Amino acid sequence: MSKRVLITGAAGFLGSHLSDRFIKEGCHVIGMDNLLTGDIKNIEHLFPLKQFEFYHHDVSKYVHVPGELDYILHFASPASPIDYLKMPIQTMKVGSLGTHNLLGLAKAKNSRMLIASTSEVYGDPLVHPQTEDYWGNVNPIGPRGVYDEAKRFQEAITMAYHTYHGLETRIIRIFNTYGPRMRVNDGRVLPAFFAQAIRGEGLTVFGDGSQTRSFCYVDDLVEGIYRLLLSDYSQPVNIGNPDEVSILDFAQEVLDMVGNPDAHVINKPLPTDDPKVRRPNISLAKEVLGWEPKVSRHEGMLRTYEYFKKVVPTTVNN
């Protein structure tokens with residue numbers, strides 16, 4: 001009998017790719033999303049399949065799914081600064097109440113649960129690159145605190161259920177991920193740069209652009225998630241690409257790829273608590289999961305550019 005998997009945030013960027021992967025692996029996928037930031041278009045190709053069903057539901061409220069559940073993957077959350085600054089309460093609730101509800105469901109169903117944590121738990125890090133044993137440098141009352149602390153609480157309550165109830169849990173710390181199905185105007189640097197370059201606008205670089213990010217292509221991330229779920233490792237694991245680049249250099253890469261002569265770089269003030277550096281140490285993922293990224297940034301950007309070329313001209317309020 002095929003495994004039954006609940007994926008929250010299923011209509012989002014990562015959730016939709018995870019739904020594809022688990023259906024490909026022969027699972028029955030139950031997608032759940034309140035469509036606050038998700039887009040039903042990301043999963044509409046799955047609706048004709050018998051192996052897929054969809055619940056339009058907010059996991060911050062009581063969650064019930066009939067029948068057995070083998071796995072729960074909790075990916076519901078606003079995930080970009082524009083979203084969680086606009087929806088701070090919802091962001092806190094989905095990380096706290098939502099996680100609590102799903103852990104209760106996992107306990108009732110005797111399911112294994114994997115939560116999507118984030119490199120944001122490291123805050124503006126004083127350790128570089130970031131290892132899983134680093135506790136982070138987070139401003140709990142700053143504008144980004146609603147996301148950072150929601151994810152830190154999510155890790156804490158998940159580990160509490162693991163140690164107190166013996167629940168099978170997995171914790172992934174996701175570093176900047178990109179690929180097709182990202183929302184054009186979600187505020188993250190890669191979709192913003194591609195959209196601005198395609199439209200011939202100024203690429204918004206905050207500060208002097210010396211801050212760094214490490215971008216992981218979505219297929220690599222999904223592979224890491226899959227391996228972690230099926231592993232027997234319950235501590236947090238970084239999944240990301242350690243290929244670090246400054247934002248200014250990354251903007252130039254986008255300009256070179258798009259080739260729009262009207263596009264250019266413009267500078268704006270650095271937002272509050274914006275991390276200066278971000279790069280995962282993935283030694284643990286290599287050791288425990290035998291995982292490392294395969295897709296180069298150039299190749300991943302080409303695939304993503306092909307997607308944005310199709311959606312940017314016609315997208316107004318995605």
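The values are calculated or read from the model by the stated rules, or taken from the named source; none is laboratory data. None of the values given here were measured: they were computed from a predicted structure. Cβ atoms come from the backbone with ideal geometry, glycine included; neighbour counts cover every protein chain shown.
General observations
Listed here are the residues, each with its yes/no results for (1) closer than 26 Å to Trp135 by Cα; (2) not assigned by TED's automatic domain parsing to the domain that holds Arg21.
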position: Asn185; (1), (2): no, yes
position: Val189; (1), (2): yes, yes
position: Phe194; (1), (2): no, yes
position: Val222; (1), (2): yes, no
position: Arg227; (1), (2): yes, no
position: Asp232; (1), (2): yes, no
position: Gln235; (1), (2): yes, no
position: Leu248; (1), (2): no, yes
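- Flag for Arg170 being among the charged types (D, E, K, R), surrounded by 19 or more Cβ atoms within 10 Å (Cβ to Cβ) and assigned by TED's automatic domain parsing to the domain that holds Ile247: no
- Count - residues of the range 209-254 that are closer than 17 Å to Leu114 by Cβ and hydroxyl-bearing (Ser, Thr, Tyr): 4
- Selection status of Tyr122, among the aromatic types (Phe, Trp, Tyr) and closer than 24 Å to Thr37 by Cβ: yes
- Members of the range 20-29 that are in contact with a helix residue (DSSP H, G or I) (Cβ under 7 Å, 6 or more places away or on another chain) and part of a strand (DSSP E or B): Val29
- Wholly enclosed strands (runs of 3 or more DSSP E) of the range 214-318 bearing at least 2 residues at pLDDT 95 or above, buried (at least 20 other Cβ atoms within 10 Å of the Cβ) and not aliphatic (A, V, I, L, M): none
Residue-by-condition table, conditions (1) part of a loop (DSSP other than H, G, I, E, B); (2) not small (Gly, Ala, Ser):
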{"residue": "Val5", "(1), (2)": "no, yes"}
{"residue": "Gly15", "(1), (2)": "no, no"}
{"residue": "Leu18", "(1), (2)": "no, yes"}
{"residue": "Gly31", "(1), (2)": "no, no"}
{"residue": "Gly38", "(1), (2)": "yes, no"}
{"residue": "Lys41", "(1), (2)": "no, yes"}
{"residue": "Lys50", "(1), (2)": "yes, yes"}
{"residue": "Val63", "(1), (2)": "yes, yes"}
{"residue": "Gly67", "(1), (2)": "yes, no"}
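- In the range 33-54, the residues that are without any contact (Cβ under 8 Å) to a residue 60 or more places away in the chain, within 16 Å of the chain's Cα centre (by Cα) and under 16 Å from His74 (Cβ atoms): Asp33, Leu36, Gly38
- In this structure, Val59 does not qualify as in contact with a strand residue (DSSP E or B) (Cβ under 7 Å, 6 or more places away or on another chain), of a type in the set (A, V, I, L, M, F, W, C), assigned to a loop (DSSP other than H, G, I, E, B) and surrounded by fewer than 20 Cβ atoms within 10 Å (Cβ to Cβ).
- Qualifying residue in the range 112-128 (condition: in the same structural domain as Ser77 (by TED's automatic domain parsing), aromatic (Phe, Trp, Tyr) and farther than 30 Å from Arg4 by Cβ): yes
- Residue in the range 120-136 that is in a helix (DSSP H, G or I), among the hydroxyl-bearing types (Ser, Thr, Tyr) and within 14 Å of the chain's Cα centre (by Cα) present: no
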